[in-house]
Structure formats: C-alpha cells, structure tokens
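Values quoted throughout were computed directly from the atomic coordinates according to the rules given, and no laboratory measurement underlies them. None of these values were measured; they are calculated from a predicted model. Backbone-built Cβ (ideal geometry, glycine too); neighbour counts: all protein chains shown.
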Amino acid sequence: MKAMQVQYDVIIAGGGMVGATLACLLGKLGKRVAVLEAYQPTVFSPNDPYDLRVSALSRASQRALLDTGAWDGIAARRAFPYEAMQVWDATGSGEIRFDAADLGEPDLGHIVENRVIQLALLDTLQALDTVDWYCPDKLAALVVNEQHVTVTLHSGQTLQAQLLVGADGAQSKVRELAGIGMAIQDYGQKGLVCVVQTEFPHQFTAWQRFMPGGPLAFLPLAEGFCSIVWTLPADQADAMLRLSDSDFCRELSQALDYRLGEVTAVGERAAVSLRGRHADSYSQERVVLVGDAAHTIHPLAGQGVNLGIKDALELVAQIRQSSGDCGSTKVLRAYERARRGDNILTQKAMDGFRLLFGNTLTPWKILRNSGLTIVNRMGFLKYEMAKRAMGI
Ligand SMILES: Cc1cc2nc3c(=O)[nH]c(=O)nc-3n(C[C@H](O)[C@H](O)[C@H](O)COP(=O)(O)OP(=O)(O)OC[C@H]3O[C@@H](n4cnc5c(N)ncnc54)[C@H](O)[C@@H]3O)c2cc1C
C-alpha cells in the first residue's frame, strides 16, 4: 500500500543540536514540523563516561536553550560552568585572562557534551504535539515547486512542506540535492579530542595555550576532569593517537606547560580533520541551510554550534514576522542577509587567529605577545571581546 503524504509547515533534515533547537522553537510557535534524524541518540546515564564531543556554549546559546525549554534537561544531566578563561602564547610571555566576575556575570558559559544537548532537546520536542520525530530515517529525494517542497525518505514515506531546512551537518545531503556549492578550505590540521584527569584542580577555568602547530584547550568538566581539543598538523595528531597512554599524558602535560600539573589519566582518543566551509548561498527556492550545513569554522574559539544556534534564532524570527508562508523568498533572503555577515566575520576572525598564532617569524611573535599583553591591560577592549564571545 502506498504511504500517505503528510503535510507540514517545515521539514528539518538533521536533529542535531541546531536542527533540534530550531524544531523546538518553531514547534512552540505553533508551526507543524517534521524532524528527520539519521541516528537514534544513545541513552544517557549519569554514570556514563564523558563523551569526546563537547561544546563550549555561550550565554546567548544558553538563553536560546532556555527558550526551547531544554536547558533544565541539560542542567539535570550534566553541564559545567566555566568562570574564567586563560589564554597564552607558547613562544613568549603574552597572556590574557577573562573573568566572569569582572563582567558581573556568574560564568562565561558552559561546557556540555553534544549528546546531552541533543537528548534534552529531543525530550522537549517530543513533548510538543506540533513536532514529529522521524528517526532513524533520512532524506532520499526532494522535489521543489513554487508552493511546496516534497521530500521522500529512505523509509518510503513522503512529506510535504512550505520549507525544507538542511540542518544535517557539514556533509549536508540537503545542500547536495539542492545543488548549492560550497567553498572548502583544508587547514591541514586535525583536532585531537579526549577526556583527561589532572593533578591540580581546573579552577572552573578554560585553559588555552597557542603553539606554532595549533592551540591546545583544556575545558573544565567535573572537578579533576577536563575535555581537551588539541589542534595539531594532521601527521602529528596521528602520531599522538599512536602513543601509549603514559607517553601521551607526558606530552600533554608538557604542551599545557604543567599549568594543571601532570595529566594523570586519559580516556579514548580521536582526531577529526579540520576544514573551513562556507555555502555559496544559504537558500534556494523553498530550501534553506543552518548550522554546519551552511558553514564550519576552526574550533579554536569554540563558536561553531553557537553560530548555528544564532542561525536557528534568526530563521525563527523571520518566520514569525512573515505572513504565514515559512518558505517565502522574502523570509529566506532576510535570513541570509542577517546571518551571512556574522558567520563570515567569525570565520575570518578564527582564520586570522590561526595564522597569527601559527607564525614562527620573530615580528609576528612580538606582535602577538605584545598584543595579548596590551589587550589584557585594556579593560574596555578586553571585556568587549569577552561579551562578543558570550553573545551578550
Ligand atoms: C573538535 C571540535 C570541537 C568543537 N568544539 C566546539 C565548541 O566548543 N563550541 C562550539 O560552539 N562548537 C564547537 N565545535 C563545532 C560544533 O561541533 C558544530 O558546529 C556543531 O556540531 C554543528 O551542529 P549541527 O547541528 O549544525 O550539525 P551536526 O552536529 O553535524 O548535526 C547534524 C545532524 O544531522 C544528522 N544527519 C546527517 N545527515 C543526515 C541526513 N541525510 N538525514 C537525516 N539526518 C542527518 C546527523 O546524524 C546529526 O545528528 C567543535 C567542532 C569540532 C570538530
């Protein structure tokens, strides 16, 4: 028997952090939403070891997650506030420190496992009778006409809506099927991720040391535990994966300049290739891209998902203001106009930091070390930078 075609206002391909945020916000607005997610998220238990993939969520993202109704579910599972950030250059004496207390804020943001964010959002959207969750399922084909987009799923089900959103990550199938091109820059680096235990407490501080091969970040979890992201040239990252645990801990302690003493234990390690990407366009007739489907940036300042959540907020704002057609050209153009500039600016800023701190020539070393020291002393500029990163 032929499956019935189901009607929605919006179909979202990808129920990751950005797609699920968008689904909750649109569902709360009363829009009929279908979310297609390829993988069933794994169940969470408080005794589970920490996941390898974590995000530093800005205050602005926290606010958005409060609006979705998912923040309580995140906090009830596990989320770790960080109150300060200490950044320094391995090749000199330049150093900068940001303190939430100086800004009159309780924290600068939270470190949360990606899976925890997704699961809390999933609880929220499943409680909304406006949102349907198709999982595990995937987009197989799409047909666009002036009024609608019709989507066929791998399961054979067909869905129709005013708008299809690609929130399906860096390898977006929606982007591919819509024929939207993408500029890709291979950084030649990998981000090595793992969870470690350290000799000294992390002091609720995010620690980041810039080295010529790339930055190393220690992000605070529960006391004694940190999640690390170590950017390295690809071959060096592969070599680090092959080291024994004890040799790796020794390398890592040294790389962080022993700021947290010795690294005493390490869990599973993984490394992902780092690429900057930007879609040539964020939309086509009745199709729009958000989050990593539209752009990926270097993780050195932990802004990727924060930008994606800003995309989701903007798309919701444009849909709220529209006359009722969620996929009108007016909505899609206004969304792209509002988001492209901020995303490009952040991507360029990350590329600038990467090049500035990766350069071993003496004039550049002097420039960045004196720059860090000067900015550290300039309260106003320093806290404007911090506020921008926090999204407040
Ligand atoms: C090492 C590293 C560290 C990072 N640290 C930070 C950080 O501290 N802070 C920060 O803000 N960002 C960070 N990022 C970036 C952040 O992880 C991404 O920006 C974020 O995951 C993007 O979310 P998304 O929902 O757009 O895409 P994704 O997280 O990729 O989610 C896409 C979803 O779509 C699903 N999907 C894929 N294809 C299909 C399909 N065809 N049909 C249906 N579903 C599909 C996937 O299963 C997935 O659930 C980091 C990135 C890396 C690599």
- Query: So what J values fall out for the stretch 186-201 if you push phi through Karplus, 6.51 cos²θ - 1.76 cosθ + 1.60 with θ = phi - 60°, rounded to Hz, Gly and Pro as x?
  - Reply: 7, 6, x, 10, 10, x, 8, 10, 6, 10, 10, 10, 10, 5, 9, x
- If eta is 1.306 mPa s and T is 10 °C, what Stokes-Einstein diffusion coefficient results for the stretch 61-176, Kirkwood Rh from Cα pairs, in µm²/s? 88
- Item | Long-range amide H partners of ASP257 with built H, under 5 Å | none
- Alpha carbon centre of the stretch 188-243 versus the stretch 29-98: separation in Å? 17
- Please get the size of the charge dipole for the chain, origin at its Cα centre, with Cβ charges of +1 on Lys and Arg and -1 on Asp and Glu, quoted in debye to the nearest 20. 920
- Counting other Cβ atoms within 10 Å, which GluC sites (Glu not before Pro) in the stretch 199-255 have at most 16 and lie in a DSSP loop? GLU199, GLU223
- Item | Dipole of the chain [Lys/Arg +1, Asp/Glu -1 at C-beta], most positive-end residue of VAL10, CYS24, TRP133 | VAL10
- Query: Roughly what would the spin-label model give for ASP123 and ASP235, points 7 Å off Cα along C-beta, in nm?
  - Reply: 4.8
- Can you tell which of GLY73, GLY179, GLY302 shows the greatest fluctuation in a Gaussian network model of the chain with Cα springs below 10 Å? GLY179
- Query: Given labels modelled 7 Å from the Cα in the Cβ direction, how far is it in nm from SER155 to ASN47?
  - Reply: 3.3
- Task: Restrict the search to the stretch 1-79; then list the trypsin sites (Lys or Arg not before Pro) that DSSP places in a loop and that have at most 10 other Cβ atoms within 10 Å of their Cβ.
- Result: LYS2
- Query: Using 7 Å Cα-to-Cβ label points, what is the SER244/PHE353 separation (nm, one decimal)?
  - Reply: 3.6
- Message: Can you give the log10 of the normalised intensity I(q)/I(0) at q = 0.06, 0.08 Å⁻¹, computed with Debye over equal Cα scatterers of the chain?
- Response: -0.24, -0.43
- With springs only between Cα atoms under 10 Å, which of LEU241, LEU57, LEU232 fluctuates most in a Gaussian network model of the chain? LEU241
- Item | Amide H contacts of MET182 (H built 1.01 Å from N, under 5 Å, at least 5 apart or other chain) | ASP280
- Note on the structure: Sequence order, the stretch 329-340: Karplus ³J(HN,Hα) from phi using 6.51 cos²θ - 1.76 cosθ + 1.60, θ = phi - 60°, Hz rounded, Gly and Pro as x, gives 4, 4, 4, 5, 5, 5, 4, 5, 4, 6, 9, 4
- Give the share of C-alpha pairs in each 5 angstrom bin for the stretch 146-194, from 0 to the last occupied bin, in whole percents, shortest bins first. 4, 13, 18, 22, 15, 9, 7, 9, 3, 0
- Charge-dipole axis of the stretch 77-227 as Lys and Arg at +1 and Asp and Glu at -1 on Cβ define it, positive-most pick from ALA79, VAL174, TRP207: VAL174
- Task: Please identify the longest segment of the chain free of exposed chymotrypsin sites (Phe, Trp or Tyr not before Pro), where exposed means a DSSP state other than H, G, I, E or B and no more than 13 other Cβ atoms within 10 Å.
- Result: 40-257
- Note on the structure: The ³J(HN,Hα) series, computed from each phi in the stretch 69-74 with the Karplus coefficients 6.51, -1.76 and 1.60 at θ = phi - 60°, rounded to the nearest Hz and given as x for glycine or proline, is x, 8, 4, 4, x, 5
- Could you size up the charge dipole of the stretch 253-320 around its Cα centre, putting +1 on the beta carbon of Lys and Arg and -1 on that of Asp and Glu, and report it in debye to the nearest 20? 80
- Message: Positive end of the dipole of the chain, charges at C-beta (+1 Lys, Arg; -1 Asp, Glu), about the Cα centre: which of SER273, GLN197, GLN347 has its Cα farthest in that direction?
- Response: GLN347
- Query: Can you list the residues, at least 5 places off or on another chain, whose amide H is less than 5 Å from the amide H of GLY15, using H built in the peptide plane?
  - Reply: ALA38
